[in-house]
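Participant: Mind having a look at this structure? Questions to follow.
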Amino acid sequence: MITLFGFNFVRKPKTGQERDSMQKAAIEKNNEAIAAQLAPVGRETVQDRVYSELRRALIGGLFEPSQVLTIRGLADALVTSTMPVREALGRLITEKALEALPNRSVRVPPITLERLDDLLRARILIEGEAIALAAARMGSRQIATIETILGEWDEMRALKHKKDVDREVTLNQSFHFEIYRCCGSAVLIPMIESLWLQSGPCIRVAIYAFSEAGEVDTAHYHRRIVTALATQDAQAARESLVADISRPFTFLRSKLQAAAAKDQT
């Protein structure tokens, strides 16, 4: 009851509908206050999908070093317009995965001795630290997962009449990133992905070169890594990883040096 101008008034109890209406208004007001402080999150755009697909192709080495790519050619291959392709290529150029050319096309960076040495040095530092951290954190489930990947690798390598480079690249990536995800660092993983993005075309060239040279068993490098991780030997894991990722870079470096020496004769 309230008193106004000497008269007593009895406050009428609010109905359930009125209470619901007031509660809804309060919630909407609170949501408006929150919305004013947050940026809207939209659905994945066509540009994001184009970027993801080109990124996957580069990491997998589907593009060769020095290969020239045109916006129109990629748009036709991806069945999309040129705008999302142009924007995705801009992001990849910023990440040093592609190089801009004067005629509005782009190319995959060529293989040079300087680039090989730079990428290998960075990968040894970053991935070496990641696997050392992962060695102390990997449990039996994670070890079993990477052993399963190695089993699939052995099955693939047993089919000597069928060289499946795409499958080999995919298994190699799955093996390494299953380990790196156990390192416990949210900072290292994007850095490693960036390095793989830049070195993907080189690695694919090395795979073909190894095949031509007659090397058939490359999984033993991975087995050494698994053994070190199973015993939580961080130093051995790091050393085994360095031997594994150095191998293709060293091989390509020798080929470049041999080609340069031949050109001088």
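Participant: Pull out the extension gain between residue 49 and residue 67, defined as 0.36 nm times the separation in residues minus the alpha carbon to alpha carbon distance; nm, one decimal.
Facilitator: Full extension from residue 49 to residue 67 adds 4.3 nm.
Participant: Sticking with this one: Consider a paramagnetic label point 7 Å from the Cα of residue 259 along Cα→Cβ; state which residues of the stretch 95-117 have an amide N under 19 Å from it.
Facilitator: 98-99, 107-117
Participant: Compute the length gained on full extension between residue 187 and residue 91: take 0.36 nm times their separation in residues and subtract their Cα-Cα distance, giving the result in nm to one decimal.
Facilitator: Separation in residues times 0.36 nm, less the Cα-Cα distance, equals 32.6 nm.
Participant: Check which residues have an amide H placed less than 5 Å from residue 181's amide H, if you skip close sequence neighbours.
Facilitator: Residues meeting the amide H criterion: none.
Participant: Provide the packing ranking of 116-128, 172-184, i.e. peptides ordered by the mean count of other C-beta atoms within 10 Å per residue, highest first.
Facilitator: Final packing ranking: 172-184, 116-128.
Participant: Something else: Residue separation times 0.36 nm, minus the C-alpha to C-alpha distance between residue 156 and residue 79: what's the value?
Facilitator: This chain segment gains 24.5 nm when fully extended.
Participant: Between residue 69 and residues 5 or more places away or on another chain, which pairs have amide H atoms under 5 Å apart, with H built 1.01 Å from N, and which residues are they?
Facilitator: Here the answer is 106, 107, 108, since their amide H atoms fall under 5 Å of that of residue 69.
Participant: Return the sequence-ordered ³J(HN,Hα) values of the stretch 78-89 in whole Hz as given by the Karplus equation 6.51 cos²θ - 1.76 cosθ + 1.60 applied to θ = phi - 60°, using x for Gly and Pro.
Facilitator: Values per residue, Gly and Pro as x: 8, 6, 8, 7, 6, 4, x, 5, 4, 5, 5, 5 Hz.
Participant: For a quick check: with amide H placed at 1.01 Å from N, whose amide H comes under 5 Å from residue 98's, ignoring anything fewer than 5 positions away on the same chain?
Facilitator: For residue 98, the qualifying residues are 93.
Here, each number is a calculation from the coordinates, and none is a lab measurement. Since the model is a prediction, treat every value here as computed from it, not as a measurement. Neighbour counts run over all protein chains shown; Cβ positions are idealised from the backbone, glycine included.
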